[in-house]
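Following: one structure in structure tokens, then a few remarks.
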Amino acid sequence: MELGPRWSPAARPGCPRRWRRRWALLGALLGAALALYVCVRELRRRGSAAGRPEGEVTVLLWWEPFGRPWRPADCRRRYNITGCLLSADRGRYGEARAVLFHHRDLALHGAQGLPRGPPPRPPRQRWVWMNFESPSHSPGLRGLAGLFNWTMSYRRDSDVFVPYGYLYEPPSPRPFVLPRKSRLVAWVISNWNEEHARVRYYRQLKEHLPIDVYGARGMALLEGSVVKTVSAYKFYLAFENSQHTDYITEKLWKNAFAASAVPVVLGPRRANYERFIPADSFIHVDDFPSPRLLATYLKFLDKNKPSYRRYFAWRNKYEVHVTSFWDEHYCKVCEAVRTAGNQLKTVQNLAGWFES
């Protein structure tokens, strides 16, 4: 834009030469300022991606899980995953390469809470269905056919597989030291339901051996003290709230393994557990015809130290990783987007897959 003679005071007859120079300089400065403003506005219009490193992936969280405030993680520092921008700012929808939809919040808000077009989503953007509850506790699955491009869950056949935990071989295994055990069996439960198989089994098992219960129907447990409390016990009841393929939660990985207690599991079949952990690292309730015989075996191990310690032989090779909610999940999605290429797919039968 030029400062023309129609309004410039410097163009008026009789204006001293020094004033004409000053007005010319002022006009040049105003012109430069206007050019800078237009440039900055254009950069903002294109989005903040113009100023970010090339190849950086934006991952947008549409709902913060369970409505709890969330602070973006540093994927590079925590998980050695580079080139990620994690955000809950819906203003970044247009630049997001992946948008995460937490199922429990989706069920709460309904499909009308999803982004609406036109167009329904930018090219190459993936909508990711994210759920870490079992099918028994995932309402509203039937109305979600054909909406999402990817699934992210504890299921091994998810597009983005994020289990509750896993075993890994460290470069230099550390000697395992079994904590001192002064108690027999512990169970931590927050959702007590008499109809659940785990509660029914517990009621039969406690008739034959003592079980210390913490939580909903038992002793108080300070927040963050589960591992410390359970580490004094030889066995932990890693009983899931429902039985489904690959549904093996923190009850095994954190409450039992991280506390160095032998898990007594009730969940999917033994063969399913053995896809993730060694066969001699746990005791399955299905290994025994009755709770009474399971109780007899636990009492035997309590008195037989060599037999009990065999359940920790795997510790000489593996260490336990407990997945961090929710930062690790978001970073894993970013990593998946960076390596997936441009080919998109659609999950046509979400309910049929997840409930199988």
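If you take the residues of segment 58-84 that are of a type in the set (A, V, I, L, M) and touching a residue at least 60 places away in the same chain (Cβ under 8 Å), which of them is surrounded by the fewest Cβ atoms within 10 Å (Cβ to Cβ)? Full working, then the answer.
Restricting attention to segment 58-84, the residues satisfying the condition of being of a type in the set (A, V, I, L, M) are 59-61, 73, 81.
Then keep just the ones that are touching a residue at least 60 places away in the same chain (Cβ under 8 Å); that gives 59, 61, 73, 81.
Numbers: 59: 27, 61: 25, 73: 19, 81: 21.
My answer is 73.
Looking at (1) part of a loop (DSSP other than H, G, I, E, B); (2) farther than 21 Å from residue 324 by Cα; (3) touching a residue at least 12 places away in the same chain (Cβ under 8 Å), find the lone condition where residue 297 falls short. (1) is the only condition that residue 297 fails.
Evaluating residue 27 against the criteria (1) modelled with pLDDT of 60 or more; (2) crowded, with 16+ Cβ neighbours inside 10 Å; (3) over 25 Å from the mean Cα position of the chain (by Cα) leaves one unmet condition, (1).
Per-residue answers, yes or no, for (1) aliphatic (A, V, I, L, M); (2) surrounded by fewer than 20 Cβ atoms within 10 Å (Cβ to Cβ); (3) farther than 25 Å from residue 287 by Cβ:
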residue	(1), (2), (3)
174	no, yes, yes
190	no, yes, yes
206	no, yes, no
216	yes, yes, yes
233	no, no, no
245	no, yes, no
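Would it be correct to say that residue 309 is charged (D, E, K, R) and either touching a residue at least 40 places away in the same chain (Cβ under 8 Å) or under 25 Å from residue 99 (Cβ atoms) (or both)? So residue 309 fits the description; yes. State whether one or more residues within segment 257-270 are assigned to a helix (DSSP H, G or I), assigned by TED's automatic domain parsing to the domain that holds residue 182, touching a residue at least 12 places away in the same chain (Cβ under 8 Å) and not small (Gly, Ala, Ser). Yes, some residue in segment 257-270 is assigned to a helix (DSSP H, G or I), assigned by TED's automatic domain parsing to the domain that holds residue 182, touching a residue at least 12 places away in the same chain (Cβ under 8 Å) and not small (Gly, Ala, Ser).
Tell me, yes or no, whether segment 320-338 has at least one residue that is farther than 26 Å from residue 80 by Cα, modelled with pLDDT of 95 or more, outside any helix (DSSP H, G or I) and not aromatic (Phe, Trp, Tyr). No, the conditions are met nowhere in segment 320-338. Only one of the listed residues (201, 166, 154) is surrounded by fewer than 18 Cβ atoms within 10 Å (Cβ to Cβ), among the hydroxyl-bearing types (Ser, Thr, Tyr) and within 30 Å of residue 349 (Cβ to Cβ). That residue is 166. Does residue 147 satisfy the criteria of being under 21 Å from the mean Cα position of the chain (by Cα), buried (at least 18 other Cβ atoms within 10 Å of the Cβ) and touching a residue at least 60 places away in the same chain (Cβ under 8 Å)? Spelling it out, it is not the case that residue 147 is under 21 Å from the mean Cα position of the chain (by Cα), buried (at least 18 other Cβ atoms within 10 Å of the Cβ) and touching a residue at least 60 places away in the same chain (Cβ under 8 Å).
Filtering 236, 214 for residues that are part of a strand (DSSP E or B), hydroxyl-bearing (Ser, Thr, Tyr) and farther than 20 Å from residue 301 by Cβ leaves a single hit, 214. Would you point out the residue of segment 271-289, among those that are more than 18 Å from residue 233 (Cβ to Cβ) and touching a residue at least 24 places away in the same chain (Cβ under 8 Å), that is farthest from the chain's Cα centre (by Cα)? Ranking the qualifying residues of segment 271-289, first place goes to 280.
The values are calculated or read from the model by the stated rules, or taken from the named source; none is laboratory data. Keep in mind the model is a prediction, meaning the values are calculated, not measured. Using ideal geometry, Cβ is built from the backbone for each residue, glycine included, and neighbour counts are taken over all protein chains shown.
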